[in-house]
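Notes for the one structure printed next.
No lab work stands behind these numbers, since they all come straight from the coordinates. Source: prediction; values computed, not measured. Cβ coordinates were reconstructed from backbone atoms using ideal geometry, including for glycine residues, and neighbour counts include every protein chain displayed.
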Amino acid sequence: MPQRTLPDYDNPPAQETWMAFAFVPLSWSVPHFGAFWNEVRTDYPKFEVHPPIGEANFEFNGLSPQAIVKLPVRCWFINEESNRLIQVQNNRFFHNWRRPNLDAPYLHYAELKPVFEREWGRFRDFANRYELGAPNVLSCEVSYINHLDKGVGWDSFSDLSRIFPSVGRFEGRSLLKKPETISANVSYVMPSNEGRLHVVIQPAIRQLDGKEIIQLAITGSCRPASSETAELARCLDFCRDWVVRGFDELTSDEMHKIWRKK
């Protein structure tokens, strides 16, 4: 495994990570989902159907002899352990890693990036063989979803500054006491306007154990100069670099001790 030079932790709060490419929409229809699943089913034997991400258009040509119907659909193809999945829609491709339980080991970017690249290659080859064309990638994305458990470094939302030093307590002088909940949505411009870092902070209840958490989602997205393999890999690394450094800068030394920063 390559030596890591970015901030690293023995006990990071990341519960899910994903990498994705958004591309010019393909002429993708419902049968393509089944054909693609047939090719990856050995590795991803389970599936789920979800609404698409982003804008979606419903198309129906009732005058055509073939009565073409294009439904806005996103399919998940899930592995047996339920810790990895591929998401496919007509203009996006994702690979997610998620903890199937709270004791599952954390997988680093260096372990997951080759998996994403392999699955993207399978998808790209499928698109070419089915005469859908080579995907023209418009953006690369890397995201980390972190769970900050209540009682571990914070007890109420007025403690937010203990996690994020640049954030205040959100308490008034006399009338406004401790806030019940706090949400935030922040974006930062990357150098040369190459992309954005998006930070979303929101209260949540974790499904695995019903515990109250703050969910911290940090996503880096940038536009590649081309759809060449080397350029896409560079953009993924660039986004990941911003996500990891952004997480480290936003969060406090106190929380870094809890997560056992190296």
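Only helices enter the 222 nm calculation for the chain: every DSSP H run of n ≥ 4 contributes -39,500 (n - 2.57), and dividing by all residues gives -7500 deg cm²/dmol, rounded to 500.
If Lys and Arg each add +1 and Asp and Glu each add -1, what is the summed charge of the other residues whose beta carbon sits under 12 Å from the beta carbon of GLU119? List each step's numbers first, then the result.
Values: positive: ARG84, LYS113, ARG118, ARG122, ARG124; negative: GLU39, ASP43, GLU117, ASP125.
After counting each charged neighbour, the total is +1.
Tell me the relative contact order for the stretch 14-258 as a rounded percent, counting alpha carbon contacts under 8 Å between residues six or more apart.
Numbers: 434 pairs, mean separation 48.1, N = 245.
About 20 percent, as a whole number.
The amide H of MET190, built 1.01 Å from its N in the peptide plane, has GLY195, ARG196, LEU197 as neighbours under 5 Å, considering only residues 5 or more places off or on other chains.
So, with +1 on the Cβ of K and R and -1 on the Cβ of D and E, and no other charges, what is the size of the charge dipole of the stretch 14-258 about its Cα centre, to the nearest 20 debye? List each step's numbers first, then the result.
Values: 27 positive and 31 negative charges, 72 e Å.
In total the dipole reaches around 340 debye.
Within the shell of other residues whose beta carbon sits under 11 angstrom from the beta carbon of PRO105, the net charge comes to -1, with Lys and Arg scored +1 and Asp and Glu -1. Separation of the alpha carbons by more than 21 angstrom is noted, of LYS150/LYS257; LYS113/LYS257; LYS150/LYS178, for LYS113/LYS257. Cα centroids of the stretch 189-262 and the stretch 97-122: 15 Å apart. In plain terms, the chain from ASP253 to ALA104 could stretch by 51.1 nm, reckoned as 0.36 nm per residue minus the Cα-Cα distance.
For the chain, taking a cut-off of 4.7 Å between Cβ atoms, the unpaired cysteines are CYS75, CYS222, CYS239. Of the residues TRP76, TRP259, ALA110, the one whose Cα sits farthest toward the positive end of the charge dipole of the chain, with +1 on the Cβ of Lys and Arg and -1 on the Cβ of Asp and Glu, is TRP259.
May I ask you to order 152-164, 38-50, 211-223 by the average number of other C-beta atoms within 10 Å around their residues, highest value first?
Details: 152-164: 16.3, 38-50: 13.2, 211-223: 19.5.
Highest-to-lowest ranking by the protection proxy: 211-223, 152-164, 38-50.
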